[in-house]
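Chemist: Encoded as structure tokens, here's the structure I'll be asking about.
The values are calculated or read from the model by the stated rules, or taken from the named source; none is laboratory data. A quick note: this is a predicted structure, and the numbers were derived from the prediction, not measured. Backbone-built Cβ (ideal geometry, glycine too); neighbour counts: all protein chains shown.
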Amino acid sequence: MNFERENIRRMAGYASGEQPDNELVIKLNTNENPYPPSPQVSEVLRQFNPESLRRYPPATAQKFRQLAAELHGLDPGNVIATRGGDELLRLVITTFVDPGEKIGMTDPTYSLYPVLAQIQNCPIVEMPLLADWSLPAEFAQSMNDAKVKLTFLVNPHAPTGVLMPIDQVSNLASELNSILLLDEAYINFVDHDYQTSQLIKQHDNLVILRTLSKGYSLAGLRFGYGLADHSLIEPMLNKTRDSYNLDFISQLIAEAAIADQDYVRGNWRKVIIERNRLKVQLHELGIICAESQANFLLATIPESINSGAAELYQQLKERQILVRYFNAARLGDKLRISVGTQEENNQLLSAITGLVDQH
């Protein structure tokens with residue numbers, strides 16, 4: 001007997017990137033930060049007293065929310081802390097979107113969005129991005145015409161890294177009749193001043209997603225947060241959020257990490273420098289990349305290089321270098337390459353050069 005709901009039975013789950021046990025593998029496939037987290041994180045772990053685990057953690061992560069609010073010039077009531085950014089995605093859906101209501105997104109986009117929509121049994125409305133990976137001018141009107149209840153946008157975009165201008169974000173929030181969830185998982189790697197957090201004071205339908213996975217080198221912690229008007233934060237924080245959703249150790253680590261801005265900003269600069277260098281050197285090999293403002297590059301692999309993207313992906317894997325290949329429309333000739341350390345990037349370039357020379 002099958003007890004699955006019908007919509008769950010029909011759907012496919014989220015496909016995670018490869019996570020090899022071999023520490024010798026150069027891992028450039030899941031957009032992890034190549035540099036370690038703040039030394040303050042190590043200090044928290046060193047001083048941690050296991051006796052404190054007898055008690056439940058702070059229910060709403062009050063201290064972290066205060067620190068995040070100060071960082072963004074907001075009130076703690078504008079902040080919710082979540083188990084990774086993915087918990088915020090699920091909370092926004094389950095709090096504000098009834099089963100059967102529509103969820104809008106671009107094509108391509110972060111592949112978890114349609115999975116979460118299907119779990120809630122929500123029809124998906126997609127609009128393809130333009131050839132330069134920008135948003136069509138009619139995007140908001142199309143979402144409104146389709147009576148979309150929630151719109152997902154990842155900015156910088158995944159998997160391309162293309163950044164949307166702040167004015168365009170604000171205009172979209174004004175034009176959309178739905179909630180706009182702006183997923184800023186990669187925002188720390190933008191190479192110029194770019195701050196959208198104040199937009200929540202102008203738009204009560206805007207939710208901004210942030211995560212400590214990328215910019216703060218804490219992908220293994222699973223800690224994120226959302227910024228929004230009080231009217232959106234309150235029901236998620238006090239009604240639909242899991243009780244004690246963030247454990248005590250995670251909260252202490254997140255507080256230490258977000259407080260050490262000097263350290264993380266130094267890491268962001270190193271990633272930006274390496275991203276720009278890697279893009280130029282790939283171009284010299286005949287591999288063109290989208291204009292990324294994230295910690296990865298979407299690289300178009302010509303057929304002249306090892307028969308294209310799928311074959312190059314496999315040959316790099318055989319050399320213990322992992323990148324991401326998407327067997328999907330508009331992406332089949334591309335590889336997404338996470339920016340590594342200078343040494344890791346050099347080994348990638350050396351491997352690609354060697355493979356090109358063989359042909």
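Chemist: So, in the stretch 158-183, how many residues would count as being touching a residue at least 60 places away in the same chain (Cβ under 8 Å) and either farther than 18 Å from L112 by Cβ or assigned to a loop (DSSP other than H, G, I, E, B) (or both)? Give the steps one after another, and end with the answer.
Modeler: From the stretch 158-183, those touching a residue at least 60 places away in the same chain (Cβ under 8 Å) are 158-163, 178-179, 181, 183; that's our starting set.
Going one step further and asking which of them are either farther than 18 Å from L112 by Cβ or assigned to a loop (DSSP other than H, G, I, E, B) (or both), we end up with 158-163, 178.
Of the residues in that region, 7 qualify.
Chemist: Kindly provide the set of residues from the stretch 314-327 that are touching a residue at least 60 places away in the same chain (Cβ under 8 Å) and either under 19 Å from the mean Cα position of the chain (by Cα) or surrounded by 15 or more Cβ atoms within 10 Å (Cβ to Cβ) (or both), ordered by number.
Modeler: I321, L322, V323, R324, F326
Chemist: If you don't mind, there's one more thing I want to ask. When you look at E274, is it of a type in the set (D, E), under 21 Å from the mean Cα position of the chain (by Cα) and within 23 Å of A68 (Cα to Cα), yes or no?
Modeler: No; evaluated as a whole, the condition is false for this residue.
Chemist: Moving to a separate point now. Among the residues of the stretch 82-104 satisfying the criterion of being hydrophobic (A, V, I, L, M, F, W, C) and assigned to a helix (DSSP H, G or I), which is nearest to I8 (Cα to Cα)?
Modeler: I93
Chemist: So, of the residues in the stretch 282-313 that are assigned to a loop (DSSP other than H, G, I, E, B) and among the acidic types (D, E), which turns out to be surrounded by the most Cβ atoms within 10 Å (Cβ to Cβ)?
Modeler: E291
Chemist: Give the stretch 8-56 a look and list any residue that's closer than 30 Å to L116 by Cβ and among the charged types (D, E, K, R), or say none.
Modeler: R9, R10, E18, D21, K27, E32
Chemist: Go through (1) under 21 Å from the mean Cα position of the chain (by Cα); (2) buried (at least 18 other Cβ atoms within 10 Å of the Cβ); (3) not in a strand (DSSP E or B) one by one and return the number of the condition L74 breaks.
Modeler: (1)
Chemist: Still on this structure, I have one more. Name the pairs whose Cβ atoms lie under 6 Å apart, with the first residue in the stretch 221-249 and more than 14 Å from T95 (Cα to Cα), the second acidic (D, E) and not in a strand (DSSP E or B), and 6 or more positions between them or separate chains?
Modeler: D229/D204
Chemist: I would also like to ask the following. Contact list please: Cβ distance under 6 Å, first residue in the stretch 265-285 and closer than 22 Å to Y194 by Cα, second residue among the aliphatic types (A, V, I, L, M), pairs at least six apart or on different chains.
Modeler: Matching pairs, first to second residue: V271/V339; E274/V339; R275/V339; K279/L297.
Chemist: Please state which one of P36, P128, P20, P50 is surrounded by fewer than 16 Cβ atoms within 10 Å (Cβ to Cβ), over 19 Å from L181 (Cβ atoms) and touching a Ser or Thr at 6+ places or on another chain (Cβ under 7 Å).
Modeler: P36
Chemist: Let me ask something additional. Based on what the data block shows, is T109 assigned by TED's automatic domain parsing to the domain that holds P235, touching a residue at least 60 places away in the same chain (Cβ under 8 Å) and either of a type outside the set (A, V, I, L, M, F, W, C) or within 28 Å of R265 (Cα to Cα) (or both)?
Modeler: Against the criterion (assigned by TED's automatic domain parsing to the domain that holds P235, touching a residue at least 60 places away in the same chain (Cβ under 8 Å) and either of a type outside the set (A, V, I, L, M, F, W, C) or within 28 Å of R265 (Cα to Cα) (or both)), T109 does not qualify.
Chemist: Could you check, for the stretch 229-242, whether at least one of its residues is crowded, with 20+ Cβ neighbours inside 10 Å, charged (D, E, K, R), within 27 Å of Q47 (Cβ to Cβ) and modelled with pLDDT of 95 or more?
Modeler: First, pick out the residues of the stretch 229-242 that are crowded, with 20+ Cβ neighbours inside 10 Å: 232-233, 236-237, 241.
Subsequent filtering for residues that are charged (D, E, K, R) retains 241.
Next, from what is left, pick out any that are within 27 Å of Q47 (Cβ to Cβ): none.
Scanning the stretch 229-242 turns up no residue that is crowded, with 20+ Cβ neighbours inside 10 Å, charged (D, E, K, R), within 27 Å of Q47 (Cβ to Cβ) and modelled with pLDDT of 95 or more.
Chemist: Here's another thing I want to ask about it. Assigned by TED's automatic domain parsing to the domain that holds N78, surrounded by 19 or more Cβ atoms within 10 Å (Cβ to Cβ) and under 28 Å from Y113 (Cα atoms), is that true of Y186? Spell out how you get there, then give the answer.
Modeler: Details: assigned by TED's automatic domain parsing to the domain that holds N78: yes; surrounded by 19 or more Cβ atoms within 10 Å (Cβ to Cβ): yes; under 28 Å from Y113 (Cα atoms): yes.
Yes; evaluated as a whole, the condition is true for this residue.
Chemist: State whether the residues of the stretch 32-52 include one that is of a type in the set (S, T, Y) and free of Cβ contacts under 8 Å to residues at least 60 places away in the same chain.
Modeler: yes
Chemist: While we're on this one: Restricting to the stretch 131-144, name every residue that is farther than 12 Å from K102 by Cα and either touching a residue at least 12 places away in the same chain (Cβ under 8 Å) or within 21 Å of the chain's Cα centre (by Cα) (or both).
Modeler: D132, W133, S134, L135, F139, A140, Q141, S142
Chemist: Provide a single number: the residues in the stretch 32-65 that are of a type in the set (A, V, I, L, M, F, W, C), in a helix (DSSP H, G or I) and in contact with a Phe, Trp or Tyr (Cβ under 9 Å, 6 or more places away or on another chain).
Modeler: 3
Chemist: Still on this structure, please answer the following. Spot the failing condition for A219; the list is (1) crowded, with 20+ Cβ neighbours inside 10 Å; (2) assigned to a loop (DSSP other than H, G, I, E, B), and only one is missed.
Modeler: If we test A219 against (1) crowded, with 20+ Cβ neighbours inside 10 Å; (2) assigned to a loop (DSSP other than H, G, I, E, B), just (1) comes out false.
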